[in-house]
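Notes follow the structure.
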Amino acid sequence: MNSTKNKSALLRQRRHWRARERHRLAGSAERPRLNVFRSTKHIFVQLIDDTKGHTLAAASTLDKDIRAQAKELTKVEEAKRVGKLIAERAQAAGIKAVVFDRGGFRYHGRVKALADASREAGLEF
């Protein structure tokens, strides 16, 4: 791992690696991996087919639909919108079931809000 990153980033990368390698968390074309990355300002999510190494769909708080209302929303509300948006894009691509990859982040706050919103919008975990 890169030594220039701070300690918390290294610990998150280790947690992410443990989840991916130990538990064989991987996506396929039928059931892609829903990967979440959370920065201090934004949240990013991708649907990844690990067998081909392709991103099938993506959404973030930087999308035009969400960014237009960003000043009025809290970060948790933005995460809910991103979850709903990725579910809509997944259904448009013909994807109904996914494997949730929280990326080493704790399952609470924005990550939980994104997961709950995407479930409510029709994705199966």
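The values are calculated or read from the model by the stated rules, or taken from the named source; none is laboratory data. Note that the coordinates shown come from a computational prediction; the quantities given were computed from them, not determined experimentally. Cβ: placed from backbone, ideal geometry, glycine included. Neighbour counts: every protein chain shown.
If you take the residues of the stretch 30-40 that are touching a residue at least 24 places away in the same chain (Cβ under 8 Å) and not in a strand (DSSP E or B), which of them is surrounded by the most Cβ atoms within 10 Å (Cβ to Cβ)?
By that ranking, first place goes to Pro32.
Exactly one condition in (1) at pLDDT below 95; (2) surrounded by 12 or more Cβ atoms within 10 Å (Cβ to Cβ); (3) among the acidic types (Asp, Glu) is not met by Asp116; state its number.
(1)
Looking at the stretch 100-113, which of the residues that are among the hydrophobic types (A, V, I, L, M, F, W, C) and modelled with pLDDT under 95 is farthest from Ser39 (Cα to Cα)?
Top of the filtered list is Phe100.
Check Ala26, Ala19 and return the single one that is modelled with pLDDT under 85, under 14 Å from the mean Cα position of the chain (by Cα) and surrounded by fewer than 17 Cβ atoms within 10 Å (Cβ to Cβ).
Criteria check complete, one pass: Ala26.
Does Arg33 count as in contact with a Gly (Cβ under 7 Å, 6 or more places away or on another chain), within 15 Å of Phe125 (Cα to Cα) and of a type outside the set (S, T, N, Q)?
Spelling it out, Arg33 is indeed in contact with a Gly (Cβ under 7 Å, 6 or more places away or on another chain), within 15 Å of Phe125 (Cα to Cα) and of a type outside the set (S, T, N, Q).
Anything in the stretch 58-95 that is of a type in the set (A, V, I, L, M) and in contact with an Asp or Glu (Cβ under 9 Å, 6 or more places away or on another chain)? List them, or say none.
Ala59, Ile66, Ala70, Val82, Leu85, Ala87, Ile95
Any residue that is of a type in the set (A, V, I, L, M, F, W, C), surrounded by 21 or more Cβ atoms within 10 Å (Cβ to Cβ) and modelled with pLDDT under 95 - is there at least one of those in the stretch 46-66?
Looking through the stretch 46-66, at least one residue is of a type in the set (A, V, I, L, M, F, W, C), surrounded by 21 or more Cβ atoms within 10 Å (Cβ to Cβ) and modelled with pLDDT under 95.
If you scan the stretch 41-56, which residues turn out to be free of Cβ contacts under 8 Å to residues at least 60 places away in the same chain and either in a loop (DSSP other than H, G, I, E, B) or aliphatic (A, V, I, L, M) (or both)?
Once the filter is applied, which keeps residues that are free of Cβ contacts under 8 Å to residues at least 60 places away in the same chain and either in a loop (DSSP other than H, G, I, E, B) or aliphatic (A, V, I, L, M) (or both), the stretch 41-56 yields Lys41, His42, Leu47, Ile48, Asp50, Thr51, Lys52, Gly53, Leu56.
Spot the failing condition for Val98; the list is (1) more than 29 Å from Asn6 (Cβ to Cβ); (2) of a type in the set (A, V, I, L, M); (3) surrounded by fewer than 16 Cβ atoms within 10 Å (Cβ to Cβ), and only one is missed.
Failing condition for Val98: (3).
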